[in-house]
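J.: After the structure tokens below, expect a handful of questions from me.
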Amino acid sequence: MISFRRFSAAAVSIFGVFLCSTAVFASDITVVVNGKEIYFEDQGAEIVDGRTLVPLRGVFDSMGFLVEWDEVSRSAKISNSLKDITMTENIKRVTTNSKTIDIDVAPQIINNRLMIPLRAVAESIDAKVDWDGTEKTVSIYYGKAKDIDKSVDNMKLDEQQYLKTLISIKEDLRDAASGVPDAVLTYVANMGNYYDVSVPVVTDEQYDEIESHLKKFSEIEAPDVMSDVDRCVKKYADLIENMIKFSRDSNPRNIYDRNDENFMSRIDSFKTELEELNSKFGNYLITYFNENKVFWEGIYGESVIDLLMY
């Protein structure tokens with residue numbers, strides 16, 4: 001699992017040496033992770049400002065996350081093969097991979113334990129959280145459970161980080177493109193939204209934001225064992241850049257004209273190139289996973305193989 005070098009075992013144990021909060025202890029709240037009840041030795045869940053806070057330790061390590069504490073910055077990190085989550089005491093903000101998310105209640109120390117807002121943090125790792133008010137039970141469902149994620153230990157740390165970075169950049173790229181009504185990107189790369197009726201024009205600012213995320217693909221450095229995968233990633237960034245250039249130069253009216261043979265020929269060419277590129281990318285990744293005995297379906301989900309397509 002990924003580890004901050006500056007985090008020492010002594011620093012991790014510092015969770016038990018803090019001042020107490022004035023929150024009221026809700027001893028009758030039950031926390032269940034993937035159907036298994038979590039028992040806390042000295043500090044259970046709390047209700048603070050209408051939000052459920054739970055001890056960082058005991059909940060996230062039960063889901064297979066590495067849990068670390070940095071006494072200098074007063075921040076905690078939880079991580080697995082997919083996510084790096086960082087949160088700081090008394091700061092209403094959580095960073096998940098490269099994204100920063102504002103939260104309603106800040107992480108805080110209660111009875112010598114770092115307590116975090118459960119729903120905000122759990123949802124940042126794509127976990128499902130349910131609250132049963134009658135039974136006073138919080139249920140967390142996390143698909144990437146510890147036993148499934150165990151084969152990630154067969155990957156070196158820089159290899160884990162490389163794939164994690166790819167996924168993070170693609171998520172940011174997808175978010176940036178989701179509101180961009182570009183006909184070419186939508187029909188070829190399944191990015192953005194397009195409506196034939198309104199024929200909206202894409203602004204330079206919208207294209208610039210997409211290109212800023214594409215640039216990140218070109219800047220990341222891949223481990224030697226993933227050089228073939230990385231070549232596909234770099235070519236993918238170039239391909240999307242070419243699509244944007246084509247839209248700007250040859251389709252400024254942003255029309256998906258099926259009657260224009262030259263236009264459709266270029267669209268088909270883009271599609272073919274993207275499909276071939278993604279196929280090579282997927283084959284290289286599967287080969288890598290198989291050679292390293294990594295259960296990629298459990299760790300990353302099948303979507304990682306189609307990362308360049310969606």
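The values are calculated or read from the model by the stated rules, or taken from the named source; none is laboratory data. Here the structure is a predicted model, which means the values were calculated and not measured. Every residue, glycine as well, gets a Cβ built from its backbone with ideal geometry; the counts of neighbours run over all protein chains shown.
Condition check ((1) surrounded by 21 or more Cβ atoms within 10 Å (Cβ to Cβ); (2) in contact with a Cys (Cβ under 6 Å, 6 or more places away or on another chain); (3) of a type in the set (S, T, N, Q)) across all residues:
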{"site": "T88", "(1), (2), (3)": "no, no, yes"}
{"site": "T95", "(1), (2), (3)": "no, no, yes"}
{"site": "P107", "(1), (2), (3)": "yes, no, no"}
{"site": "N112", "(1), (2), (3)": "no, no, yes"}
{"site": "P117", "(1), (2), (3)": "yes, no, no"}
{"site": "S124", "(1), (2), (3)": "no, no, yes"}
{"site": "W131", "(1), (2), (3)": "no, no, no"}
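J.: I need the full set of residues from the stretch 176-223 which are in contact with a helix residue (DSSP H, G or I) (Cβ under 9 Å, 6 or more places away or on another chain), of a type in the set (D, E, K, R) and at pLDDT 80 or above, in order please.
T.: If the condition is that a residue be in contact with a helix residue (DSSP H, G or I) (Cβ under 9 Å, 6 or more places away or on another chain), of a type in the set (D, E, K, R) and at pLDDT 80 or above, then D182, D204, E209, E211, K215, K216, E221 are the ones that fit.
J.: Identify, please: which residue in the stretch 236-260 is within 27 Å of the chain's Cα centre (by Cα) and among the acidic types (D, E) and is, among those, surrounded by the most Cβ atoms within 10 Å (Cβ to Cβ)?
T.: Checked the stretch 236-260; the qualifying residue surrounded by the most Cβ atoms within 10 Å (Cβ to Cβ) is E241.
J.: Within the set of pairs 6 or more residues apart or between chains, which connect a residue that is at positive phi inside the stretch 49-65 to a residue that is in a helix (DSSP H, G or I) with Cβ atoms less than 6 Å apart?
T.: Listed pairs, sorted by first residue: G64/K146; G64/D149.
J.: Next question. Does any residue in the stretch 224-249 that is assigned by TED's automatic domain parsing to the domain that holds K271 and under 22 Å from L185 (Cα atoms) come within less than 7 Å, Cβ to Cβ, of a residue that is acidic (D, E) and not in a helix (DSSP H, G or I) six or more places away or on a different chain, and which pairs are these?
T.: Between residues of the stretch 224-249 that are assigned by TED's automatic domain parsing to the domain that holds K271 and under 22 Å from L185 (Cα atoms) and residues that are acidic (D, E) and not in a helix (DSSP H, G or I), the close pairs are S247/D182.
J.: Taking the options I29, I47, name whichever one is at pLDDT 75 or above and either surrounded by 17 or more Cβ atoms within 10 Å (Cβ to Cβ) or assigned by TED's automatic domain parsing to the domain that holds Y162 (or both).
T.: Testing whether each residue is at pLDDT 75 or above and either surrounded by 17 or more Cβ atoms within 10 Å (Cβ to Cβ) or assigned by TED's automatic domain parsing to the domain that holds Y162 (or both) leaves just I29.
J.: Just name the residue that is nearest to I305 (Cα to Cα) out of those in the stretch 246-290 that are of a type in the set (D, E) and part of a loop (DSSP other than H, G, I, E, B).
T.: Of everything passing the filter in the stretch 246-290, D257 is nearest to I305 (Cα to Cα).
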